[in-house]
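Novice: The structure that follows is given in the form of structure tokens.
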Amino acid sequence: ILVDVGELERDRLLTEDAPYLPPFELTVSTTNEPATKAAASAFTTAVEGAEAKYRSPRITRVRSADDPCAQLAALSNIPCITVRFAPIYRVPKSESIYPELRQRLVANILDAALQAIAAFTKASGSLVLSTHRALGRQAFVDAVRRADRNIDEIAATFDFLLAVTPINSDAAWFEFEAGGFERAPKFLYRPLTVEVDAEKRKLFSVAFDGFEDPVLLDLYREKQQELDLQLSMLTARERPRFVELGRALYGSVEPVLLGMARNILTTTGASEEADDREESADCYCLERKAIAMIDSYHRRYAGFEATVQLRDDLPAGLMVSGACLFISRSTKMSPRRVEALLSHEIGVHLLTYFNGSAQGLHVFRSGLAGYEGIQEGLAVFAEYLVGGMTSTRLRLIAARVVACAAMLEGASFRETFLSLVREHGFAQKSAFNLTLRLYRGGGLAKDAIYLRGLLELLSHLRNGGALDPFWMGKVSASHFGIMQELNLRGLLKEPQLRPAFLNHPQAEARLARARSGLSAVEMIGS
């Protein structure tokens with residue numbers, strides 16, 4: 001079947017005295033085969049049902065006898081649908097266009113055309129399809145690969161979290177403590193290694209005009225915008241507008257999320273760190289166990305080539321950057337938390353990096369825009385699957401939300417710190433480390449995403465959602481349907497590795513409980 005799409009000469013329904021945003025003209029004609037008529041009906045239904053943000057189509061069916069293209073197709077014995085649409089994306093009396101409207105129009109017509117072809121194959125019995133989207137392009141064109149390579153090169157010029165994380169956390173704590181917690185400490189940061197203006201010029205010179213695929217075009221435009229925000233935040237580091245740019249990147253703390261966080265803190269009480277006071281696992285213990293876990297993944301997939309670094313310039317804890325796991329030398333924790341934390345960092349963050357690297361595009365390893373929320377939700381859920389979700393850990397995740405909301409509302413470093421100690425029962429050092437994370441760079445709203453992502457994941461599982469598409473790379477919850485479509489089209493590979501924590505003796509039972517409906521508080525100790 002041939003689907004012939006073209007523009008009408010002009011937009012006849014848009015006149016000087018036309019009502020605001022009138023319908024636009026779209027004509028459809030077909031050759032006379034029953035399967036082709038079924039295809040045309042599917043096309044019409046799809047176009048009429050598509051979301052029309054600006055103008056809706058007024059569809060006219062044209063007789064094939066009046067359509068030269070349909071007549072030519074009939075002479076050639078080729079089933080054909082001919083579509084003509086008014087050029088509504090062109091600015092009247094101008095050479096300019098409305099880019100967003102053009103993109104939306106192309107996407108809607110392309111999707112309707114795929115639905116028409118799927119209806120034709122069904123009516124003619126020529127092909128069995130699981131979805132019309134499986135008919136989309138099944139290879140990445142050169143334009144996509146070039147843009148992907150350029151975007152990846154720009155993303156590789158800086159490490160955002162390292163750039164906004166203080167290098168003097170221990171000294172800052174001693175300064176804050178010595179001053180009686182009266183004055184916020186002075187944080188020091190690494191010099192920037194990126195020329196922000198130069199990278200922004202490169203970022204917005206990346207060409208998307210040859211993509212042909214609206215799905216991929218949306219993914220890369222979103223990534224472009226995210227990188228732009230991150231670069232802008234680097235230039236605003238330690239300046240007032242840093243926090244507002246962070247709000248644009250990570251979002252505000254919505255009332256429902258804040259209420260859930262406060263409920264967790266109230267429900268779990270202020271016993272706080274009683275279950276994690278045994279701190280016999282230091283950075284060297286973590287390093288040994290991390291290397292062992294990485295080796296076990298490497299034996300299953302040779303491409304899993306992660307490294308481990310001990311660092312003196314990071315606050316206590318672990319951090320993944322690309323293919324490397326950083327461990328702060330000041331890190332100490334309860335032995336019962338080690339497997340959970342390594343499952344978080346290695347079993348989710350590193351695993352999705354290497355699975356994403358095995359896909360055809362780099363963006364799946366560096367991360368689609370907004371991936372961090374569900375990524376951190378998956379990582380926290382991994383802690384639960386291996387039995388490592390403690391009251392202290394969940395309280396910490398909830399407190400990050402409450403403190404983030406306070407920071408975004410203008411609370412000072414000292415005010416947030418004292419609130420965590422006096423109102424929520426956190427130890428002074430724990431409250432300091434939490435507050436540091438929130439006020440680094442000038443106020444980073446990232447820490448609210450852990451609980452938000454966990455709640456999104458629990459809702460996803462409760463509604464029957466699968467986990468496997470999340471292992472393909474670093475993706476967000478909003479991209480779940482897109483990942484399924486790209487997979488159906490053969491553009492993505494199955495994950496090279498599934499997380500080892502899914503094989504934990506109690507993981508299957510815990511996952512079943514999550515699917516049946518599990519609150520965050522019910523994850524503690526279960």
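Novice: Suppose R0 equals 25 Å. What FRET efficiency, 1/(1 + (r/R0)^6) with r the Cβ-Cβ distance, do Arg63 and Arg10 give to the nearest 0.05? Before the final figure, lay out the partial values.
Specialist: Working: r = 22 Å, r/R0 = 0.88.
So the FRET efficiency works out to roughly 0.70.
Novice: Continuing with the same structure: Determine the relative contact order of the range 320-425: mean sequence separation of Cα pairs under 8 Å and six or more apart, normalised by residue count, in whole percent. Present the calculation step by step, with values, prior to reporting the outcome.
Specialist: Numbers: 63 pairs, mean separation 27.5, N = 106.
Relative contact order for the range 320-425 comes out at 26 percent.
Novice: Packing-wise, with mean Cβ within 10 Å as the measure, how do 411-424, 376-389 rank, highest first? Numbers along the way, then the final one.
Specialist: Details: 411-424: 17.8, 376-389: 24.4.
Averaged packing, sorted descending, gives the order 376-389, 411-424.
Novice: Just from its helices, what would the mean residue ellipticity at 222 nm be for the chain, if runs of 4 or more DSSP H residues each count -39500 (n - 2.57) and the sum is divided by every residue, rounded to the nearest 500 deg cm²/dmol?
Specialist: -15000 deg cm²/dmol
Novice: Could you quote the convex hull projected area for the chain, Cα atoms only and averaged over all directions, in nm²? All intermediate terms of the calculation are to be shown ahead of the outcome.
Specialist: On the way: hull surface 114.2 nm².
Reported value for the Cα convex hull: 28.5 nm².
Novice: Going out from 0 in 5 Å bins, what whole percent of all Cα-Cα distances in the range 452-526 drops into each bin?
Specialist: Each 5 Å bin holds this share of Cα pairs: 3, 14, 22, 23, 20, 12, 4, 2, 0.
Novice: Between Asp312 and Glu48, how high is the FRET efficiency from 1/(1 + (r/R0)^6) when r is the Cβ-Cβ distance and R₀ = 56 Å? Nearest 0.05.
Specialist: Details: r = 63 Å, r/R0 = 1.13.
So, using R0 = 56 Å, E works out to roughly 0.30.
Novice: Shifting gears a bit: Which of the helices in the chain, when you take each full DSSP H run, stretch at least 27 Å along the axis at their Cα atoms and have an average Kyte-Doolittle score of -1.0 or higher?
Specialist: Details: long enough: 99-124 (37 Å, 0.40); 214-235 (32 Å, -0.21).
Span-like helices here: 99-124, 214-235.
Novice: Can you order the peptides 299-310, 243-254 by their average number of other Cβ atoms within 10 Å per residue, highest first? Don't jump to the answer; show the numbers that get you there.
Specialist: Values: 299-310: 14.2, 243-254: 18.4.
Ranking, from highest mean packing down: 243-254, 299-310.
Novice: FRET efficiency for Arg300 and Leu75, Cβ-Cβ distance as r, R0 = 56 Å, nearest 0.05?
Specialist: Working: r = 59 Å, r/R0 = 1.06.
Using R0 = 56 Å, I get an efficiency of 0.40.
Novice: Right, something else. Can you give the relative contact order of the chain as a percent, counting alpha carbon pairs under 8 Å and 6+ residues apart?
Specialist: Values: 822 pairs, mean separation 77.8, N = 526.
It comes to 15 percent, rounded to a whole number.
Novice: Moving on. Report, in whole Å, the centroid distance computed from the Cα atoms of the range 432-481 and the range 67-83.
Specialist: 51
Novice: If you average the C-alpha positions of the range 191-234 and of the range 324-342 separately, how far apart do those two centres end up, in angstrom?
Specialist: A separation of 34 Å, based on Cα centres.
Novice: Using only the Cα atoms, what convex hull volume per residue in Å³ does the range 132-238 have? List each step's numbers first, then the result.
Specialist: Values: hull volume 14.2 nm³, N = 107.
Per residue, the Cα convex hull of the range 132-238 comes to 132 Å³.
Novice: Taking all protein chains together and a probe of 1.4 Å, list His132, His362 from the most accessible to the least accessible.
Specialist: Working: His132 45, His362 70 Å².
Solvent-accessible surface, decreasing: His362, His132.
Novice: Scan the range 76-144 for trypsin sites (Lys or Arg not before Pro) in coil per DSSP, keeping those whose Cβ has at most 11 other Cβ atoms within 10 Å, and list them by number. Could the numbers behind the result be given before it?
Specialist: Values: sites: Arg84, Arg90, Lys93, Arg102, Arg104, Lys122, Arg133, Arg137; in loops: Lys93, Arg137.
Listed in order of number, the matching sites are Lys93.
Novice: When only the heavy atoms of the protein chains count and the probe is 1.4 Å, how do Glu287, Glu25 rank by accessible area, highest first?
Specialist: Values: Glu287 50, Glu25 25 Å².
Highest to lowest solvent-accessible surface, that is Glu287, Glu25.
Novice: Considering only the other residues whose Cβ falls under 13 Å of the Cβ of Tyr189, what net charge follows from Lys and Arg at +1 and Asp and Glu at -1?
Specialist: Numbers: positive: Lys186, Arg190, Arg237, Arg239, Arg440; negative: Asp159, Glu238, Asp313.
Local net charge: +2.
Novice: Could you do me a favour and compute the accessible area per residue for the chain, 1.4 Å probe, result in Å²? Intermediate values should be presented prior to the final figure.
Specialist: On the way: 23940 Å² over 526 residues.
Accessible area per residue, the chain: 46 Å².
The values are calculated or read from the model by the stated rules, or taken from the named source; none is laboratory data. Nothing here was measured: the structure is a model prediction, and the numbers come from that model. As a convention, Cβ positions derive from the backbone with ideal geometry for all residues, glycine included, and neighbour counts pool all protein chains shown. When the accessible area is computed, the model is the full protein with side chains, heavy atoms only, and any ligands, DNA or RNA have been set aside. Shrake-Rupley method; radii C 1.70, N 1.55, O 1.52, S 1.80 Å.
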